[in-house]
Amino acid sequence: MVAGLIAPITMGIYQPAVASTSCSAALDQMRTHRVVAGDSLDSIAIAYRLQPSTLTRFNPGSSLSPGTDLQIPPFNGMVVNVSPGESWQSLAERYSSRADLLFEVNGCAAELPGRIFVPGALTTVASRPQTAALPGYPLSEPAGIASSYGWQPHSTRDELVFNSGIAFAVPNSTEVLAVESGTVAFAGEQAGYGLMVVINHAQGLQTRYVNLSEVTVSAGQSVAEAAVVGRLGRDAPTFLYFEVRTNSAAGWVAQDPGKYLPALELR
């Protein structure tokens, strides 16, 4: 199983999980999940559209035995303690965020709380320098980028969304290609994802291809660069949601695809 930050297509745009900035404090939106037989860290993460590392951070030492209650945050991130003399700006600089975003995600409190929720912080903490380039391009035809990586303004609502990948606007039926040789880790249907292919590559890299209309590979299969792994566009126009992740102690952490795919600069 794999996990990500992806939600169904809404408002005509393929949107990852939303971090609302409506001044409802993230820590007041915590939920509880009671583990049942067959649950795994990845399956629970998929159900709540979180990274497994987020669940581990919020539930240190917890087991996955049936009946165990896990704390579920509203979106990826972590809780940090605030030291005396800190400000929203100093915290934003420390965690590569924005002061206004931290203020709103933490309930627009008149005074800085003793603990705050830092959205997306796991990506910042666990990220590492680029070690390899992925030489290919994920589509058989060039496509425009409808949604970029990172915190982006929502197209219709007054809030920010975090994109853990990029969305390509695909106007016609198109083949989806592996950007590098590797081994298929997952291929099939996932609730909330639709059809998805996940490929593990050398040097701890992973790519994910989401919102497919057809999958043409299977788990465990070796694929070459530019191999067809699926197709899009039964009902064009549509979107390919594409992610690059790196393997780390925190799990598979989403990275900016633009730093790994030189081909994006040429399209």
Ranked by Cβ crowding within 10 angstrom, fewest neighbours first, how are 176, 80, 197, 217 ordered?
-> 80, 217, 197, 176
Residue separation times 0.36 nm, minus the C-alpha to C-alpha distance between residue 140 and residue 159: what's the value?
-> 3.5 nm
Report relative contact order for segment 144-266 in percent, whole number only (criteria: Cα-Cα under 8 Å, sequence separation at least 6).
-> 27 percent
Under 5 Å between amide H atoms, partner at least 5 residues away or on a different chain: which partners does residue 143 have, H built in plane at 1.01 Å?
-> none
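Throughout, read-outs are computed from the coordinates displayed, never taken from laboratory work. Keep in mind that this is a model prediction, so the values were computed, not measured. All Cβ positions, even for glycine, are placed from backbone atoms using ideal geometry, and neighbour counts span all protein chains on display.
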